[in-house]
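The values are calculated or read from the model by the stated rules, or taken from the named source; none is laboratory data. Please read these numbers as outputs of a predicted model, since none were measured by experiment. A quick note on method: Cβ atoms are made from the backbone with ideal geometry, for glycine too, and the neighbour counts reach across all protein chains shown. Side chains are part of the model used for accessible areas, which takes the heavy atoms of the whole protein and leaves out ligands, DNA and RNA. Shrake-Rupley method; radii C 1.70, N 1.55, O 1.52, S 1.80 Å.
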Amino acid sequence: MSLLELKNVSKIYGELHALDDVSLKVEKGEWVSIMGPSGSGKSTMMNIIGCMDKPSLGEVLLDGVDISKENKKNLTTIRRDKIGLIFQQFHLVPYLTAVENVMLAQYYHSMPDEKEALEALERVGLADRAKHLPSQLSGGEQQRVCVARALINYPEIILADEPTGNLDEANEEIVVDLFHKLHSEGTTLIVVTHDPEVAEVAQRTLVLRSGKLHKEKINENFTGKIHFND
Amino acid sequence: MKKRRMFIRMITASLMRRRSRMVVALLSVAIGATILSGLVSIYYDVPRQMGAEFRNYGANMIFTASDGEMSLSDVEAAASKISDEQLVGLAPFRYENVRINDIPVVASGTVPEGVKATSPYWKVEGNWFTKSGELMVGANVAESFRIKAGDMIEVTYTPTEEDGTEAELDNSVFFTVTGIIETGGPEEDYIYMTLEDLATLTETDGRIDVAELSVSATSDELADYVSGISAGSAAVSASLVKRVTASEATVLTKLQALVLLVTIVVLALTMICVATTMTAVVAERRKEIGLRKAIGASDKSIIEEFMGEGMLLGLFGGILGSVLGYLFAQQVSLNVFSSSIVFRPLLVPITVIASIAVTGISSLMPIRSATEVDPALVLKGE
Ligand SMILES: Nc1ncnc2c1ncn2[C@@H]1O[C@H](COP(=O)(O)OP(=O)(O)OP(=O)(O)O)[C@@H](O)[C@H]1O
Ligand SMILES: [Mg+2]
């Protein structure tokens with residue numbers, strides 16, 4: 001059984017089909033990129049997979065559970081237990097320190113554990129920034145805190161919506177390296193990106209166009225390492 | 001329990017690190033709590049303060065004739081048992097039926113200085129009478145006879161014969177009306193003149209029906225005076241008077257009702273203020289709420305966190321308010337009653353609990369709207 005399966009999923013806003021009859025499967029431990037022009041439905045799809053929105057039509061099976069039929073409360077539970085989210089804007093709670101932001105995910109999930117949260121920050125190379133507020137961190141550092149927060153509860157699947165959209169190349173490489181580490185530990189990754197260099201690192205790239213699955217590309221020589229072609 | 005530690009760490013961080021934002025909210029809670037605890041202090045202290053005021057000025061003892069008649073000298077002899085410092089005023093009254101324009105009216109002979117001391121609440125339009133040939137009329141009398149201050153009126157006295165028929169003799173004297181009395185009491189139905197004029201008019205001398213005294217003394221001392229005078233004088237019987245205490249109570253009830261009303265209004269205003277502030281806080285933090293939900297916060301946790309913040313705010317505001325409230329009540333008391341207020345320790349926890357409850361209740365609606373934030377919408381780039 002696949003970890004994630006979309007069966008004929010559509011999201012319809014009035015006349016607009018933000019997602020139009022999309023079917024796809026993602027296996028456990030896979031690293032998938034999603035590309036496509038602006039407005040093609042990438043974020044819409046991520047919101048549905050991330051249990052923050054429901055499809056208008058079709059089924060979404062996550063770990064065998066049809067999340068398109070669940071109520072809000074159950075969706076929150078599923079999201080908390082199975083999913084780690086990373087966004088383009090480095091969303092952190094502004095008045096909590098880096099380590100407190102990581103602990104927040106533990107708090108909602110089970111038990112806050114400062115030691116474990118510090119270890120997660122160490123993994124993303126921010127051990128010395130643990131006591132800083134988000135406003136005292138650079139964009140790249142903030143995004144690494146988000147990565148630490150996303151991985152703290154060992155989610156089945158990490159969803160990243162343009163995680164490098166606001167980062168320079170150096171930070172982009174750091175974040176992609178982190179993805180590589182997570183992937184090699186068996187975490188499933190779905191990464192939305194506009195950046196072909198980031199997309200090409202993944203094992204598979206899906207391209208959306210006007211809400212439809214336009215094309216699919218397998219990366220034959222997958223290494224999980226980013227190559228800048230300039 | 002580590003979860004609770006994180007909870008407390010979170011809500012204190014939210015208040016402490018967003019200080020400039022929360023100062024406004026804290027201020028509105030603190031001001032509300034200040035006024036509340038201040039007014040409650042005053043509410044409870046007013047009876048004490050007002051009691052002192054009234055006892056200092058009003059009549060609180062009366063002399064009546066034990067049997068037969070009492071004369072002015074009996075009254076003065078009895079009053080001399082009270083020390084000069086404690087005797088604030090002595091007003092003897094003699095009542096007779098007289099006529100104005102052939103209509104019966106009660107005339108009272110008295111000593112104006114004494115009445116001024118024992119009944120400071122009398123309102124006189126015009127002037128007090130001071131000497132023979134002058135009188136004051138009650139407001140009701142003035143109205144029925146269309147008398148104004150400055151008018152001359154003729155007062156006649158017709159003595160009653162032994163067999164009940166009216167005597168031939170008519171005594172009549174002209175008086176200048178110096179003022180009209182307004183008291184809201186029976187005084188408005190009487191006319192007042194000097195004891196001497198009433199004696200001249202009736203051609204009988206010396207009888208006193210009742211004397212009102214204002215004595216500044218504790219209730220124990222008053223009781224001692226009353227028994228001492230009644231025992232020591234054959235003609236005079238002293239008793240403590242209830243009339244002033246009754247009017248004192250009415251004024252008190254009205255004052256307390258006013259304070260209560262103001263308290264309720266302030267309470268309502270505080271709640272509106274807190275609700276508005278919390279609504280703004282929630283609106284401002286929509287993004288954060290969405291984020292918290294996205295990383296797994298349930299509606300329950302969101303409510304807990306905002307409630308926690310609101311109640312913490314109520315706690316700080318309540319503590320601040322009970323201190324400021326005491327100072328406020330003290331200031332009011334010093335300015336209005338020229339005496340200091342009693343500190344009531346119980347008022348501190350009451351203010352704090354009330355303040356927490358008020359912030360909690362007024363945060364309910366805004367916090368409900370926080371749970372309605374959709375994580376997907378908030379995170380959609382912006
Ligand atoms: N709540 C909504 N109501 C109406 N239309 C919506 C809503 N959310 C998204 N859309 C529309 O659905 C389409 C897909 O939006 P989506 O955010 O998925 O695009 P995207 O591929 O993520 O674009 P971008 O690369 O710019 O982030 C867009 O045309 C958008 O305007
Ligand atoms: Mg998008």
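Some observations on this one:
- Screening segment B:145-173 for residues that are touching a strand residue (DSSP E or B) at 6+ places or on another chain (Cβ under 8 Å) and small (Gly, Ala, Ser) and picking the one that is modelled with the lowest pLDDT gives B:ALA167.
- Residues satisfying the criterion are absent from segment A:90-103 (criterion: touching a strand residue (DSSP E or B) at 6+ places or on another chain (Cβ under 6 Å), more than 10 Å from chain B (Cβ to nearest Cβ), within 25 Å of A:LYS181 (Cα to Cα) and outside any helix (DSSP H, G or I)).
- Any hit, segment A:171-190, residues being touching an Asp or Glu at 6+ places or on another chain (Cβ under 6 Å), away from every other protein chain (no Cβ under 14 Å) and within 16 Å of ligand 2 (Cβ to nearest atom): no
- Where a residue in segment B:290-307 is more than 9 Å from chain A (Cβ to nearest Cβ) and its partner, wherever it lies, is open to solvent by less than 20 Å² (accessible area, probe 1.4 Å) and in a loop (DSSP other than H, G, I, E, B), with Cβ under 9 Å and at least six apart: B:ILE302/B:VAL373; B:GLU305/B:ALA297; B:PHE306/B:ARG285
- A:LEU178 being within 30 Å of A:GLU5 (Cβ to Cβ), touching a strand residue (DSSP E or B) at 6+ places or on another chain (Cβ under 8 Å) and either in contact (Cβ under 8 Å) with a residue 24 or more places away in the chain or away from ligand 1 (no atom under 16 Å from the Cβ) (or both): no
- Condition check for B:GLU221: in contact (Cβ under 8 Å) with a residue 12 or more places away in the chain, over 34 Å from the mean Cα position of the chain (by Cα) and closer than 25 Å to B:SER66 by Cα: no
- Among the criteria (1) within 19 Å of the chain's Cα centre (by Cα); (2) away from ligand 1 (no atom under 16 Å from the Cβ); (3) free of Cβ contacts under 8 Å to residues at least 24 places away in the same chain, the one A:LYS28 does not fulfil is (3).
- Hits in segment A:1-51 - residues which are touching an Asp or Glu at 6+ places or on another chain (Cβ under 9 Å), of a type in the set (A, V, I, L, M, F, W, C) and more than 13 Å from ligand 2 (Cβ to nearest atom): A:MET1, A:LEU3, A:LEU4, A:LEU6, A:VAL9, A:ILE12, A:LEU24, A:VAL26, A:CYS51
- Checked against the criterion of being out of contact with any Phe, Trp or Tyr (no Cβ under 9 Å at 6 or more places or on another chain) and assigned to a helix (DSSP H, G or I), segment B:342-349 has at least one qualifying residue.
- Close contacts from segment A:111-130, counting a first residue that is away from every other protein chain (no Cβ under 14 Å) and a second that is buried (at least 18 other Cβ atoms within 10 Å of the Cβ) and of a type in the set (Lys, Arg), with Cβ to Cβ under 8 Å and a gap of 6+ residues or different chains, come to A:LEU121/A:ARG129; A:VAL124/A:ARG144; A:GLY125/A:ARG144; A:LEU126/A:ARG144.
- Among the residues of segment A:69-89, those that are more than 8 Å from chain B (Cβ to nearest Cβ) and under 21 Å from A:GLU162 (Cβ atoms) comprise A:ILE83, A:GLY84, A:ILE86.
- Within segment A:1-42, the residues that satisfy the criterion of being acidic (Asp, Glu) and assigned to a strand (DSSP E or B) are A:GLU5, A:ASP20, A:ASP21.
- Of residues in segment A:62-89 being part of a loop (DSSP other than H, G, I, E, B) and under 29 Å from A:GLU172 (Cα atoms), the one nearest to ligand 2 (Cβ to nearest atom): A:GLN88
Condition check ((1) more than 16 Å from ligand 2 (Cβ to nearest atom); (2) surrounded by fewer than 19 Cβ atoms within 10 Å (Cβ to Cβ); (3) among the aliphatic types (A, V, I, L, M)) across all residues:
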| position | (1), (2), (3) |
| --- | --- |
| B:GLY314 | yes, no, no |
| B:GLY318 | yes, no, no |
| B:LEU327 | yes, yes, yes |
| B:LEU346 | yes, yes, yes |
| B:THR351 | yes, no, no |
| B:ALA354 | yes, no, yes |
| B:GLY360 | yes, yes, no |
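- Count of segment B:65-94 residues which are in contact with a strand residue (DSSP E or B) (Cβ under 6 Å, 6 or more places away or on another chain), in a helix (DSSP H, G or I) and of a type outside the set (D, E, K, R): 4
- Residue within segment B:288-298 that is assigned to a helix (DSSP H, G or I), at pLDDT 90 or above, of a type outside the set (Asp, Glu) and open to solvent by 10 Å² or more (accessible area, probe 1.4 Å) present: yes
- Among the residues of segment B:174-186, those identified as modelled with pLDDT of 85 or more and β-branched (Val, Ile, Thr) are B:THR176, B:VAL177, B:THR178, B:ILE180, B:ILE181.
- Residue check, A:GLU200 within 16 Å of ligand 2 (Cβ to nearest atom), open to solvent by 20 Å² or more (accessible area, probe 1.4 Å) and of a type in the set (D, E, K, R): no
- Whichever residue in segment A:22-43 is over 17 Å from A:LEU189 (Cα atoms) and within 14 Å of chain B (Cβ to nearest Cβ) and, among such residues, is most open to solvent (accessible area, probe 1.4 Å): A:SER38
- For segment A:173-197, filtering for residues that are in contact with a Ser or Thr (Cβ under 7 Å, 6 or more places away or on another chain) and open to solvent by 10 Å² or more (accessible area, probe 1.4 Å) leaves 1.
- Candidate set: segment A:134-172, residues that are more than 14 Å from the chain's Cα centre (by Cα), among the small types (Gly, Ala, Ser) and at pLDDT 90 or above; chosen: the one surrounded by the most Cβ atoms within 10 Å (Cβ to Cβ): A:SER138
Conditions (1) open to solvent by less than 10 Å² (accessible area, probe 1.4 Å); (2) at pLDDT 85 or above; (3) under 33 Å from the mean Cα position of the chain (by Cα), marked per residue:
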position: B:ASP45; (1), (2), (3): yes, no, yes
position: B:MET50; (1), (2), (3): no, no, yes
position: B:ARG55; (1), (2), (3): no, no, yes
position: B:LEU90; (1), (2), (3): no, yes, yes
position: B:TYR95; (1), (2), (3): no, yes, yes
position: B:VAL98; (1), (2), (3): yes, yes, no
position: B:GLY114; (1), (2), (3): yes, yes, yes
